[in-house]
Every structure is written in structure tokens, then in C-alpha cells.
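Comments concern the structure below.
The values are calculated or read from the model by the stated rules, or taken from the named source; none is laboratory data. Quick caveat: nothing in here was measured; it's all calculated off a predicted structure. Every residue, glycine among them, receives a Cβ derived from its backbone with ideal geometry; neighbour counts consider all protein chains shown. SASA here: full protein model, heavy atoms, side chains in, ligands and nucleic acids out. Shrake-Rupley method; radii C 1.70, N 1.55, O 1.52, S 1.80 Å.
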Amino acid sequence: MNQTNNEAICSACNVSSGWITRAATIKKRFGAVSVVDRGVMLPHCGACGDWSIEAKALEVVEIKAAVAAIRDTVGGLNGEGMKVVRKILGLTQAQFAKLVGYEAAENISRLESGDREYPRAIQLAALFYLEAGVRGEIDLHLLSDEMKQTGAAPALPHDARLEVTKERAA
Amino acid sequence: MTNDEALRAAKELGKFRAFSIRGHAFDRMEERNADQKDIANALLTATKASHEERNKWKFSGGVDREGVALGVVVAFDWRTEVITIF
């Protein structure tokens with residue numbers, strides 16, 4: 001967060017009446033589902049009450065909201081909600097299709113524009129990457145660039161003590 | 001600051017996402033289904049800067065990450081803040 005300057009004029013109301021740091025209410029909408037975060041401490045203008053948040057801090061708030069929206073909603077999100085999640089992951093429809101194992105971007109386009117249920121398995125795949133972002137295992141801001149360069153979904157860090165093998169079918 | 005200087009500053013802000021977002025702008029973002037990466041892209045791709053009141057500048061001609069037109073009003077105060085989007 002930027003250092004609070006109590007003499008500063010509020011750029012929203014043009015009044016200088018000091019800044020108060022307190023919890024803000026940030027509501028993020030995922031289609032029909034809304035997530036309200038009341039725990040973000042932000043500077044509020046003493047005159048108009050409007051708050052201010054750094055873009056990078058807002059990204060963290062959005063990622064956490066997306067995790068809660070998928071995890072805590074029975075049945076999960078609809079297409080409109082998952083479009084918001086895809087944008088938080090910073091991916092195009094084609095990249096998101098690749099990430100979750102679809103052939104073409106059209107599949108994601110149809111899911112996002114339709115009213116039918118969005119497959120829970122895809123939501124959980126998105127959740128997997130969002131939670132890896134929260135844990136700091138991947139930088140979600142770089143996810144799109146990484147997929148552009150490699151053409152594939154990024155590998156997540158693994159425990160070097162565990163060796164995983166897959167048997168070939170006879 | 002001239003219009004050209006403001007436009008250059010906007011592109012830097014977009015490149016490094018070095019801006020804060022006001023609560024009102026956040027409400028507008030929800031209405032427009034835009035997020036902070038869309039604002040960064042709109043600043044990066046803006047083609048026109050025009051001076052508003054005091055140290056507020058309006059940037060237009062830019063697009064969000066899906067190519068939809070998105071304008072941004074920025075206040076260059078002690079913090080660089082996005083006041084609203086249009």
C-alpha cells in the first residue's frame with residue numbers, strides 16, 4: 001500500500017481532510033455469484049469516504065475472491081462467472097481451453113455465452129491454478145506470457161522426493 | 001505536462017501497472033466487467049490524452065484485453081490514481 005499522506009488532496013472529491021486506514025468492503029461479481037471481502041485495510045478519504053487500492057494489491061483480492069466463488073458456491077459458477085475467473089487468470093479463451101484440456105477456444109466461448117451449467121471439472125482445474133497463485137507457486141500475472149512462449153500449461157513445482165510414473169497399457 | 005508527455009506517462013503506468021484504483025472506479029469496472037489488467041491495457045494502448053481539471057487526465061483510444069474500447073481518467077497526485085473508466 002502507498003504511504004498515507006494526510007495533507008494530500010483527495011483526487012475524487014478535491015478536498016484535503018486527511019486519510020483514515022480502515023477495512024474496506026470490496027464486492028467482486030462472478031455472474032450470479034458475488035464475493036464480499038471486508039478484510040482489506042485501505043486508506044479512505046476523510047471527506048468523501050472513497051478508498052484507494054494499488055492495482056497489484058487488487059489482483060490479490062480478485063484471486064482470493066475467485067477461489068472463494070468456485071470453492072464455496074454449491075454447483076459452482078455459470079459461464080458469465082467463469083469468464084471473470086478466466087480474465088483473473090489473465091488468459092485468452094484459447095489459452096484457457098488449453099489449460100483445462102479442451103481442443104479449441106470455441107468450446108470455452110460456447111460455455112461462457114450459454115446458460116447451461118459450466119462443467120465442475122473445468123472450474124476445479126481453474127481453482128487448482130488460482131490456489132497455486134495464492135500459495136505463490138506460480139505468478140498468475142505471467143501465466144499468459146508463459147503459455148504464449150511454451151504453448152503449454154505451466155508445470156507446477158513438485159516435491160523432488162516424490163517420483164511419479166505411469167505404466168503403459170499392455 | 002503536455003498531452004504527449006501525459007500519453008507517455010500513461011503507457012508507463014500501463015506497462016508496470018503502477019497505479020491505484022479508487023472505489024468509484026472499481027464500481028465502474030464491475031459495471032463494465034473490466035479488471036485492473038484491462039485498465040493497464042487501456043493505458044498502454046491509449047492514443048489520445050486530454051487535460052481535465054487540476055492534475056486529472058483523460059486517456060482514450062485504448063482497448064481492454066478483448067479489444068473493446070476502454071477510456072481511463074487518471075489523477076497524477078501524490079498517488080497516481082484511476083478515478084473512473086468509460
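Of note:
- The residue that is nearest to the chain's Cα centre (by Cα), counting only those in segment A:145-170 that are under 30 Å from B:Gln36 (Cα atoms) and open to solvent by 100 Å² or more (accessible area, probe 1.4 Å), is A:Lys148.
- Members of segment A:88-117 that are assigned to a helix (DSSP H, G or I), open to solvent by 40 Å² or more (accessible area, probe 1.4 Å) and either in contact with a Ser or Thr (Cβ under 8 Å, 6 or more places away or on another chain) or on the phi > 0 side of the Ramachandran plot (or both): A:Gln93
- A:Lys64 vs. criteria within 11 Å of chain B (Cβ to nearest Cβ) and buried (at least 17 other Cβ atoms within 10 Å of the Cβ): no
- Hey, A:Glu59 touching a Gly at 6+ places or on another chain (Cβ under 6 Å), assigned to a helix (DSSP H, G or I) and open to solvent by 10 Å² or more (accessible area, probe 1.4 Å) or not: no
- The set of residues from segment B:30-46 being more than 8 Å from every other protein chain (Cβ to nearest Cβ) and under 17 Å from A:Glu80 (Cα atoms) comprises B:Glu31, B:Arg32, B:Ala34.
- Residue that is among the charged types (D, E, K, R), part of a strand (DSSP E or B) and more than 9 Å from chain A (Cβ to nearest Cβ), where the choices are B:Lys11, B:Lys58: B:Lys58
- Qualifying residue in segment A:12-33 (condition: polar (S, T, N, Q), farther than 27 Å from A:Leu142 by Cβ and either within 8 Å of another protein chain (Cβ to nearest Cβ) or crowded, with 21+ Cβ neighbours inside 10 Å (or both)): yes
- Scanning segment A:89-144 for residues that are under 23 Å from B:Asp38 (Cβ atoms) and of a type in the set (Phe, Trp, Tyr) yields A:Phe96, A:Tyr118, A:Tyr129.
- Cβ pairs under 7 Å, 6+ apart, first in segment A:119-148 and more than 17 Å from A:Ile70 (Cα to Cα), second surrounded by fewer than 15 Cβ atoms within 10 Å (Cβ to Cβ): A:Glu137/A:Leu156; A:Glu137/A:Pro157; A:Ile138/A:Leu156
- Members of segment B:67-86 found to be over 10 Å from B:Phe19 (Cα atoms), within 8 Å of chain A (Cβ to nearest Cβ) and open to solvent by less than 40 Å² (accessible area, probe 1.4 Å), listed by number: B:Asp77, B:Ile83
- If the condition is being part of a loop (DSSP other than H, G, I, E, B) and open to solvent by less than 80 Å² (accessible area, probe 1.4 Å), then segment A:118-144 contributes A:Tyr118, A:Pro119, A:Gly136, A:Glu137, A:Ile138.
Okay, residues lined up against (1) at positive phi; (2) in contact with a strand residue (DSSP E or B) (Cβ under 8 Å, 6 or more places away or on another chain); (3) not hydroxyl-bearing (Ser, Thr, Tyr):
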| position | (1), (2), (3) |
| --- | --- |
| A:Gly31 | yes, no, yes |
| A:Asp37 | no, yes, yes |
| A:Ala47 | no, no, yes |
| A:Ala55 | no, yes, yes |
| A:Val61 | no, yes, yes |
| A:Ala65 | no, yes, yes |
| A:Ala69 | no, yes, yes |
| A:Arg86 | no, no, yes |
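- Tally, over segment B:24-37, of residues that are buried (at least 23 other Cβ atoms within 10 Å of the Cβ) and part of a helix (DSSP H, G or I): 3
- Flag for B:Ile21 being closer than 12 Å to A:Ala12 by Cβ, within 9 Å of chain A (Cβ to nearest Cβ), open to solvent by 10 Å² or more (accessible area, probe 1.4 Å) and in a strand (DSSP E or B): no
- Tally of residues being touching a helix residue (DSSP H, G or I) at 6+ places or on another chain (Cβ under 6 Å), surrounded by fewer than 19 Cβ atoms within 10 Å (Cβ to Cβ) and either among the polar types (S, T, N, Q) or more than 16 Å from B:Arg28 (Cα to Cα) (or both) across segment B:38-66: 1
- Among the residues of segment A:72-87, those that are open to solvent by 60 Å² or more (accessible area, probe 1.4 Å) and more than 14 Å from chain B (Cβ to nearest Cβ) comprise A:Asp72, A:Val74.
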